[in-house]
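Written out below as structure tokens is the structure these notes cover.
Taken together, the values in this text are just the output of simple stated rules run on the coordinates, not laboratory data. Model, not experiment: these values are computed from the prediction. Backbone-built Cβ (ideal geometry, glycine too); neighbour counts: all protein chains shown.
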Ligand code: UFG
């Protein structure tokens with residue numbers, strides 16, 4: 001194609017030719033026009049492409065969300081100190097480092113065009129927070145503030161926050177609505193609530209819009225078996241019951257059988273991690289359309305007791321689970337079940353994988369892989 005088009009003609013040609021042609025001037029090539037996507041593929045545009053920064057993206061919920069973001073077409077950059085996460089769980093640009101390192105944060109924000117931040121990084125174990133609150137105030141409040149202040153400095157305006165049902169404490173009424181008074185019963189929940197309040201003020205004073213997602217109990221694994229829960233120190237109920245089913249542990253301790261619940265054991269609302277990941281995408285879409293500060297429960301509205309979970313694990317896996325009764329764990333509320341109406345009505349969120357059997361069977365597939373159970377079963381069969 002050899003001619004000098006007008007600007008209007010150029011626009012028309014770009015549509016017609018998928019944005020790819022040469023412009024000649026006096027028989028000499030002057031300008032090469034490429035499809036912007038192809039320009040990126042050449043590795044020349046990466047600084048100019050907008051990215052989603054995911055803190056703690058190598059962790060359990062973070063890595064499932066990174067995958068969902070990529071599926072939705074986003075370019076993702078993860079920062080993770082790998083204290084509990086693993087580099088193998090993400091297939092994107094990964095900066096290994098801590099949010100306490102303000103210089104590192106500035107470097108990330110100055111070298112990349114960050115469109116929004118999804119903030120997963122933090123400490124999450126209720127019992128540990130009772131024993132070592134300072135760690136929780138440092139990791140969940142101070143580090144979060146470093147991140148926010150960097151966003152102010154670099155003009156990044158969208159924030160999705162991993163909060164927790166732990167902000168409610170021991171609610172008077174279950175299911176819990178978002179406007180239920182927040183009275184945390186442990187330092188973990190307190191730090192999550194403090195940071196929510198900081199976000200509310202940053203929305204007003206610095207124009208940083210936020211979607212706060214109050215997670216109920218995340219569980220399950222990627223349906224294709226590629227990702228799952230693997231904390232260095234496991235404290236969560238479903239993986240612990242599966243460890244016993246897989247004979248990695250001898251017995252499951254039930255922490256408290258004297259709660260004011262139908263069978264005396266604590267009740268929780270379990271949400272499949274893939275559904276939870278989807279909630280972040282919807283949150284991001286919300287902030288593309290509206291600015292402000294928005295708070296949502298992410299749960300199913302269904303509660304399951306510890307005993308019900310153990311029964312469901314035995315049914316799904318076909319394995320026996322030995323149990324023992326122990327004292328209540330400090331800081332544990334009796335029942336946490338979401339009223340999930342607000343996120344359904346405002347963001348169109350519908351859990352698709354969160355019935356308890358789907359949660360447990362996806363987690364079981366993952367755990368079998370983790371413990372090499374299929375392989376050892378085959379070996380047993382071969383040597384028998
Ligand atoms: N439990 C046992 N035995 C175990 C492990 C847990 O009986 O070996 C009980 C706990 O005491 C609790 C219930 O199972 O009553 C669920 O415990 P998890 O540790 O799985 O989860 P938590 O409810 O304590 O906490 C989780 C997240 C928090 C989040 C909370 C929101 O870790 O970050 O869900 O509901 F705040």
Practice problem: Grab the alpha carbons of region 62-129, take their convex hull, and tell me the volume per residue in Å³. | Solution: 101
Quiz item: In degrees, nearest 10, range 0 to 90: what is the angle between the Cα axis of helix 273-289 and the longest Cα principal axis of the chain?
Solution: 40
Quiz prompt | Whole-angstrom gap from region 228-288 to region 61-91, using each part's C-alpha centre | solution = 20
Practice problem: For region 143-206, state what percent of all Cα-Cα pairs lands in each successive 10 Å bin, counting from 0 Å until the bin that includes the largest distance. | Solution: 20, 46, 25, 9, 0
Quiz item: Tell me, in nm to one decimal, what length is gained between residue 290 and residue 204 on full extension, where the rule is 0.36 nm per residue of separation less the Cα-Cα distance?
Solution: 29.6 nm
Exercise. Convert 10 °C to kelvin, take the viscosity as 1.306 mPa s, use the Kirkwood radius over C-alpha pairs of region 219-305 as Rh, and evaluate the Stokes-Einstein diffusion coefficient in µm²/s, rounded to a whole number.
Key: 101
Self-check item: Over the chain: helical MRE at 222 nm, DSSP H runs n ≥ 4 each giving -39500 (n - 2.57), nearest 500
Solution: -12000 deg cm²/dmol
Quiz item: Once you have the alpha carbon radius of gyration of the chain, what is it after dividing by 2.2 N^0.38 Å, with N set to its residue count?
Solution: 1.14
Quiz item: Order of 274, 142, 233 from fewest to most other C-beta atoms within 10 Å?
Solution: 233, 142, 274
Practice problem: Pull out the extension gain between residue 102 and residue 369, defined as 0.36 nm times the separation in residues minus the alpha carbon to alpha carbon distance; nm, one decimal. | Solution: 92.3 nm
Exercise. Note the full-extension length gain between residue 247 and residue 357 as 0.36 nm times their separation in residues minus their Cα-Cα distance, in nm to one decimal.
Key: 37.6 nm
Quiz item: Mind checking the log10 I(q)/I(0) for region 253-367 at q = 0.18, 0.19 Å⁻¹? Debye, one equal scatterer per Cα, no solvent, two decimals.
Solution: -0.99, -1.05
Quiz item: Angle, helix 373-383 long axis vs. longest principal axis of the chain, Cα atoms, 0 to 90°, nearest 10?
Solution: 70
Quiz item: Order of 84, 265, 55 from fewest to most other C-beta atoms within 10 Å?
Solution: 84, 265, 55
Quiz prompt | Where labels lie 7 Å past Cα in the beta-carbon direction, separation of residue 234 and residue 346 in nm | solution = 3.6
Practice problem: First check a/c for region 172-230, with a ≥ b ≥ c the square roots of the eigenvalues of its C-alpha gyration tensor; if it is under 1.5, answer rounded, and if not, answer prolate when a/b is larger than b/c or oblate otherwise. | Solution: oblate
Exercise. Determine the shape class of region 106-176: with a ≥ b ≥ c the square roots of the Cα gyration tensor eigenvalues, call it rounded for a/c under 1.5, and otherwise prolate if a/b is greater than b/c, oblate otherwise.
Key: oblate
Practice problem: Treating the angle as unsigned and between 0 and 90°, give the value, to the nearest 10°, between the Cα long axis of helix 143-154 and the longest Cα principal axis of the chain. | Solution: 20
Practice problem: Calculate the spin-label point distance for residue 49 paired with residue 173, positioning each point 7 Å from the Cα along the beta-carbon direction, and give it in nanometres. | Solution: 4.8
